[in-house]
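Here's the structure we're looking at; comments come further down.
The values are calculated or read from the model by the stated rules, or taken from the named source; none is laboratory data. A quick note: this is a predicted structure, and the numbers were derived from the prediction, not measured. For neighbour counting, all protein chains shown are included, and Cβ atoms are generated from backbone atoms with ideal geometry for every residue, glycine included.
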Amino acid sequence: MKKAKRQLGFKTPGILAICGFYQNSGSITELKKIVKSRLQDTERPNLCGLLIAMFLVNYKKIQEMTSFTPFINLNFIPNPSYFGIVDIEGDESEADSNDIGKREPLQSIAKPAENTRVLLYSENIIPMIEGNGNVSFVCPSCGFVIAKNVWKLSLLNLVTKCPSCQTYSVFVGEEENVEINVKTIAFKKGVYPLKSKLRIKRNICLIGL
């Protein structure tokens, strides 16, 4: 990733590639696992993902006829910390239920007065909010997971109440100096009890007015 910093910089989104040849499917599968694990640890918000490109040759022999067919095997692995959209079909299945991203405490606040903030809460949905990002926000008092595997840009100025200890806290959001077109959904001030888990998608930011 140190070389990636020099090649990609810090502002413009881009994709890094690993290229090779004549690697079997087992080696490629193992490489994908290593790349996914490494990307979970990076906080490069402008790194869209990593492309594994392998040059291979398909050998066939039918009776006296022999053929060699060259082809390229491509695997794109998205970076969980990148908040923008990448128009490449990749394996971005839902995060493993036991895989918690980097834990970050929310900012503790006093109970807000009625209709002064946007309040999201649930008594029995655990966690209340979930996505496929690399950050999990937790209660600043007891460490209970409020938002699992989301992005730092996913939630802004939203207040929540911890189902475990009843502490009020707020998603303060974070500014990223990256050229990304983000879609926003704004909530009016009020109380929003969640009847089901709130699924957060990449490139969509929820904002409290």
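A count restricted to segment 136-151 and to residues that are part of a loop (DSSP other than H, G, I, E, B) and either polar (S, T, N, Q) or in contact (Cβ under 8 Å) with a residue 60 or more places away in the chain (or both) stands at 2.
Checking each residue in segment 173-193 for being at pLDDT 85 or above and either among the basic types (Lys, Arg) or surrounded by 12 or more Cβ atoms within 10 Å (Cβ to Cβ) (or both) picks out Ala186, Phe187, Lys188, Lys189, Gly190, Val191, Tyr192. For segment 139-150, residues that are more than 11 Å from Ile129 (Cβ to Cβ) and either outside the structural domain of Pro193 (by TED's automatic domain parsing) or surrounded by 22 or more Cβ atoms within 10 Å (Cβ to Cβ) (or both) total 1.
Filtering segment 114-135 to residues that are modelled with pLDDT of 90 or more and in a loop (DSSP other than H, G, I, E, B) leaves Thr116, Arg117. Need the failing condition index for Asn79 against (1) at pLDDT 80 or above; (2) within 18 Å of Lys201 (Cα to Cα); (3) out of contact with any Cys (no Cβ under 8 Å at 6 or more places or on another chain); (4) among the polar types (S, T, N, Q), just the number. With respect to (1) at pLDDT 80 or above; (2) within 18 Å of Lys201 (Cα to Cα); (3) out of contact with any Cys (no Cβ under 8 Å at 6 or more places or on another chain); (4) among the polar types (S, T, N, Q), Asn79 is out only on (3).
In the set Ile15, Ile77, Ile72, which member is touching a residue at least 60 places away in the same chain (Cβ under 8 Å) and part of a strand (DSSP E or B)?
Values: Ile77 fails: touching a residue at least 60 places away in the same chain (Cβ under 8 Å); Ile72 fails: touching a residue at least 60 places away in the same chain (Cβ under 8 Å).
When all the criteria are applied, what remains is Ile15.
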